[in-house]
Amino acid sequence: MSEISYWIRFTQSRLTRRRALAGAATLGAGAAAIGVVGCGGGDDGGGGGGGQPVAAGKPQDTTGQAKAGGVYRITQSADPTNLDPNRSTSFTAQGVGAHIYSRMLKFQTGPELAPLSKVTGDAAESYEVSADATQWTFKLRKDLKFQPKGPASVNGRLLDADDVKASYDYFLERNGNRAIMVDTVDSVTTPDKNTVVFKLKKAYAPFQELMASSALFWIMSKQGATGELDTQKVEGAIGTGPWTLDSQTPSVEINSKRNPNWYEKAKISTGEVSLPILDGLTYVNMPDYAQNQAQFIAGNIMAFAVRNPDLVDVTRQVNVNTPKLAMPPGWLLSMYYFKLDNANNPFKDERVRRALSMSLDRDGLIEVFGEISKLKAQGFDLPTGWSNSCVPWGDGGAFWWLDPKSKDQGTSGQWYAYNVAEAKKLLAAASYTGQSFNLNTTNTIYGTTFDNQTEAQLPMLSAAGFKYELKSEDYTSKYFPEVYTKFNYEHAAYGYNTPFATVGEYMYRMLHSKGDQNKSRINDPQLDALVLKQEIETDQAKRQAIIYDIQRLVSDKMYYVPAVVGRWGSFTLFAPYVRNQGAFRTAAYGASVESYTHYWLDRA
Amino acid sequence: MQKYVARRLLLMIPTLLGITIIVFMMTRLTPQDTVDILVGEVGYQDLALKEQLRKEFGLTNSIPKQYVTWLGEILTGDFGSSLYSGRPVTEELKNRVPVSVELGALALAFSISLGIPVGILSAVYQDKWIDYATRGVSVLLLAIPSFWLALIVLVVGSRQFSWAPPSKYFTPWQNLGENIYILLVPAIILGLGLSGTKMRLMRTQMLEVLRQDYIRTARAKGLTELSVLVRHASKNALIPVVTIIGLQVTVLIAGSVILETIFLIPGVGQYVVNAAQRRDYPIIQSLTLIIATVIVVSNLLVDISYAYLDPRVKYS
């Protein structure tokens with residue numbers, strides 16, 4: 001847990017990490033592009049099972065008509081915990097990092113692309129993968145310069161391989177998210193000033209996702225990485241990213257200016273320019289929702305993630321030309337998990353787990369808590385979806401997620417159906433006759449939506465015949481350190497899973513018998529084999545197929561029973577003159593690079 | 001009087017020391033420390049990193065040693081740095097404390113200028129419609145939470161009038177007009193809540209004082225009613241009210257935390273809330289000490305002011 005309020009911000013209001021992310025979850029078609037970036041060789045694979053189309057209409061890329069200039073003024077719910085993303089795993093720190101620093105790779109965005117579906121170059125213009133996927137050789141851009149700021153040793157100079165190596169060493173030394181890289185990477189070498197070689201401990205085909213993740217490895221100058229520059233201060237926060245950090249007034253605002261040295265180009269109305277199109281970004285510190293609403297209505301901020309109950313009133317209030325974009329929720333899995341290594345656990349029998357799944361009225365919960373029909377009648381068509389057993393439905397995971405309602409789910413789809421009678425039959429077949437079990441959960445951290453949905457689900461379990469003793473514990477003192485981290489629970493538990501940055505982490509860490517987040521203590525050799533198989537599959541489409549197989553298997557066994565907390569979309573409103581906000585969507589923390597660099601303001 | 005003040009100042013030292021010990025212990029005893037929260041959920045099981053960070057932050061030392069080290073730094077004016085952002089606490093407080101003080105002072109001034117005259121009015125017109133109206137208003141002001149009122153002001157203001165308060169804070173030296181404007185609404189909201197108590201207490205005290213013999217004497221001597229009220233009655237009725245004002249400093253600090261967050265005021269409020277959530281020990285400890293000092297000093301000032309308000313009060 002980064003900070004207590006992290007969960008409330010992440011789950012409840014959609015205000016923070018996804019602020020001003022443009023949104024129609026249109027075609028759900030991901031494009032797969034693995035291999036040598038920059039050679040135009042990516043192939044587009046069908047996305048299958050992606051997000052639902054929404055009523056907002058297909059977004060248009062209007063870059064050709066863009067006018068340079070302007071400052072995009074949006075809000076943040078809190079000060080960044082640190083300007084150095086290696087010193088805090090908080091989303092606020094990662095978000096700042098994304099402005100200033102490059103990654104080796106990033107996610108490509110565009111009107112036809114689902115978020116996080118296609119990797120492209122960032123600091124690296126190309127990479128090669130050895131046949132056994134254990135060696136990844138990255139070629140750095142030859143023209144990537146540091147921002148024009150700071151001492152001569154950094155100011156405007158070219159990035160080189162030593163910077164990357166030093167940054168990686170610093171990342172390993174300090175970053176709380178380093179575990180996945182420590183487990184995966186054996187060594188990093190720099191044969192020349194433009195080449196960085198990552199040698200892996202094992203074949204790991206999704207390594208490019210780790211290199212593109214906006215929550216992991218940020219490339220700084222060697223001066224920053226070694227402490228010569230104080231990267232915790234504005235003056236020392238110097239990178240090769242698209243935005244130069246200009247000033248920070250704590251609890252007031254952060255200002256960034258466009259980096260004129262950035263490599264990515266686009267053709268706008270006046271000819272070819274380097275991105276960003278905007279002159280700058282301003283994040284105004286604004287933790288309170290009512291204040292956000294007031295400022296947006298008054299025209300003082302340019303984007304606002306409106307809560308569904310307020311949609312009608314707020315949209316009535318604002319300019320009729322205010323773009324409204326429906327967005328899926330964040331990629332987050334709420335689930336039941338089971339202590340399968342406890343011999344006396346009634347949930348050891350998969351029929352009991354299936355019965356629990358069939359006792360949940362998922363559509364009913366979404367309808368009630370999301371007010372879907374009511375909003376649809378008022379003209380707001382929100383995307384909704386069911387999480388799969390081990391891959392959540394939400395922004396960022398559309399390419400990998402298998403829709404449990406789809407035919408592709410196969411026979412395992414039956415265990416998602418809301419069928420109390422069938423659930424009772426399963427329990428009877430499993431000789432479950434009402435033995436009481438402990439259900440551990442928490443109610444002090446995840447926000448009111450989670451708490452209310454927990455309360456709504458409990459009678460559903462009872463209706464199916466389950467008899468439980470609810471142990472709702474304080475998150476900080478009990479649930480997180482004991483249940484969540486050490487798996488000190490007896491029978492079943494319910495809560496959110498850690499929002500992993502990549503689907504590979506969902507696969508290995510949650511499902512493999514040696515996974516550190518294997519909360520259900522699964523020990524399934526068939527599943528282990530599939531998890532390892534997807535790790536070495538370099539073909540995106542084939543890897544997707546394996547991950548679909550995994551979801552079918554896990555669904556059939558219901559090793560995790562997914563709930564639907566927050567599995568409905570929301571609308572983000574924009575000032576009428578903001579452009580391109582729907583066409584360049586991304587997820588996680590990379591918005592400032594993958595989205596805002598394409599935004600422009602259509603006003604005199 | 002001087003001996004009294006000196007004695008009280010000396011007594012402040014063990015009081016504040018006791019507070020520092022309690023706060024220090026309480027922050028260390030809460031589940032999860034700074035490092036647990038800093039590394040996040042993903043890094044929670046990275047025991048090597050956590051150990052490294054704890055060593056760096058001095059958290060592997062014994063509690064008494066940590067306390068003594070911190071106390072020593074405080075005595076030299078070093079309040080430490082945030083374990084999260086690395087920014088010195090002193091630097092942050094230098095910017096934030098004046099903001100909170102200004103907000104608090106404005107709120108207090110408003111509450112006094114509203115509460116006391118209304119209380120007097122209510123007493124003078126006892127059992128008339130003015131009295132009933134003001135008593136009703138004072139109860140309402142006591143009952144309404146300031147954060148609720150703040151949200152109502154924002155929502156109604158934006159929905160009905162497309163109004164929003166300023167979104168950027170300016171210091172008085174940067175722009176006095178904007179500075180007052182951003183503080184005005186939260187100061188009034190805070191002040192309204194505080195004025196309810198003053199109204200009621202002032203009314204009660206005035207009614208008691210107005211019944212005293214010396215007031216009858218003053219009237220018999222031919223003094224104008226205004227003179228009787230202002231020069232004689234109010235001054236004596238104020239003594240308990242001044243006590244309340246001293247106690248309300250604590251309420252003010254608590255109330256301003258919420259309103260600073262809502263109205264985008266970069267004071268101490270947001271700073272301390274974030275620090276508490278993150279277990280940012282240097283900030284929590286330093287701020288608690290400062291707030292405790294403010295409360296102790298304000299109580300002392302209240303006690304000293306009695307001697308001026310009531311000549312019967314003598315300190316030795």
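The values are calculated or read from the model by the stated rules, or taken from the named source; none is laboratory data. Every value quoted in this text rests on a predicted model; they were computed, and no experiment measured them. Please note: Cβ atoms are built from the backbone with ideal geometry, for glycine as well, and neighbour counts cover all protein chains shown.
Within the range A:130-154, if we keep just the residues that are aliphatic (A, V, I, L, M) and surrounded by fewer than 20 Cβ atoms within 10 Å (Cβ to Cβ), the residue that is farthest from the chain's Cα centre (by Cα) turns out to be A:A152.
For the criterion of being within 14 Å of chain A (Cβ to nearest Cβ), surrounded by 13 or more Cβ atoms within 10 Å (Cβ to Cβ) and in contact with a strand residue (DSSP E or B) (Cβ under 8 Å, 6 or more places away or on another chain), B:S81 passes. Take the range B:22-41 and flag every residue that is under 14 Å from A:S88 (Cα atoms), within 7 Å of chain A (Cβ to nearest Cβ) and in contact with a Pro (Cβ under 9 Å, 6 or more places away or on another chain). Within the range B:22-41, B:E41 is the sole residue that qualifies. Whenever a residue of the range A:434-446 is in contact (Cβ under 8 Å) with a residue 40 or more places away in the chain, its partners that are among the acidic types (D, E), lying with C-beta atoms within less than 6 angstrom and at least six residues away or across chains, give the pairs A:N438/A:E469; A:N438/A:E490; A:T442/A:E473. Quick check on the range A:483-498. Is at least one of its residues within 14 Å of another protein chain (Cβ to nearest Cβ), assigned to a loop (DSSP other than H, G, I, E, B), modelled with pLDDT under 95 and within 20 Å of the chain's Cα centre (by Cα)? Within the range A:483-498, one or more residues are within 14 Å of another protein chain (Cβ to nearest Cβ), assigned to a loop (DSSP other than H, G, I, E, B), modelled with pLDDT under 95 and within 20 Å of the chain's Cα centre (by Cα).
Residue count for the range B:131-158, restricted to those that are more than 18 Å from A:P287 (Cα to Cα) and touching a helix residue (DSSP H, G or I) at 6+ places or on another chain (Cβ under 6 Å): 5.
Within the option set A:V391, A:V320, A:V368, being surrounded by fewer than 23 Cβ atoms within 10 Å (Cβ to Cβ), in a loop (DSSP other than H, G, I, E, B) and aliphatic (A, V, I, L, M) holds for one residue only, A:V320. For beta carbons closer than 6 Å, sequence separation of 6+ or different chains, a first residue in the range B:300-311 that is hydroxyl-bearing (S, T, Y) and a second that is exposed (fewer than 15 other Cβ atoms within 10 Å of the Cβ) and at pLDDT below 75, the qualifying pairs are B:Y306/B:V313. Quick one: is A:L402 part of a loop (DSSP other than H, G, I, E, B), within 23 Å of the chain's Cα centre (by Cα) and at pLDDT below 95? So A:L402 does not fit the description; no. If you go through the range A:272-304 and keep only what is without any contact (Cβ under 8 Å) to a residue 24 or more places away in the chain and either charged (D, E, K, R) or within 7 Å of chain B (Cβ to nearest Cβ) (or both), you end up with A:E272, A:D288, A:A290, A:Q291, A:Q293, A:A294, A:I297, A:A298.
All of A:S167, A:S130 fail the test of being under 25 Å from A:W243 (Cβ atoms) and away from every other protein chain (no Cβ under 14 Å), apart from A:S167.
Annotation note: Cβ proximity below 9 Å between a residue of the range A:456-468 that is assigned to a strand (DSSP E or B) and a residue that is at pLDDT 95 or above and hydroxyl-bearing (S, T, Y) (sequence gap 6+ or interchain) occurs for A:K467/A:S436; A:Y468/A:S436; A:Y468/A:S462. The residues on offer are A:D169, A:D143, and the sole one that is closer than 17 Å to A:R103 by Cα and part of a loop (DSSP other than H, G, I, E, B) is A:D143. Against the conditions (1) part of a loop (DSSP other than H, G, I, E, B); (2) surrounded by fewer than 24 Cβ atoms within 10 Å (Cβ to Cβ), A:A529 satisfies every one except (1). Look at the range A:218-238: where a residue is assigned to a helix (DSSP H, G or I) and a partner is of a type in the set (A, V, I, L, M), sitting 6+ places away or on another chain with Cβ atoms under 7 Å, you get A:K222/A:A166; A:Q223/A:V154; A:Q223/A:L229; A:G224/A:I238; A:A225/A:A166; A:V234/A:L83; A:V234/A:L245; A:G236/A:L229.
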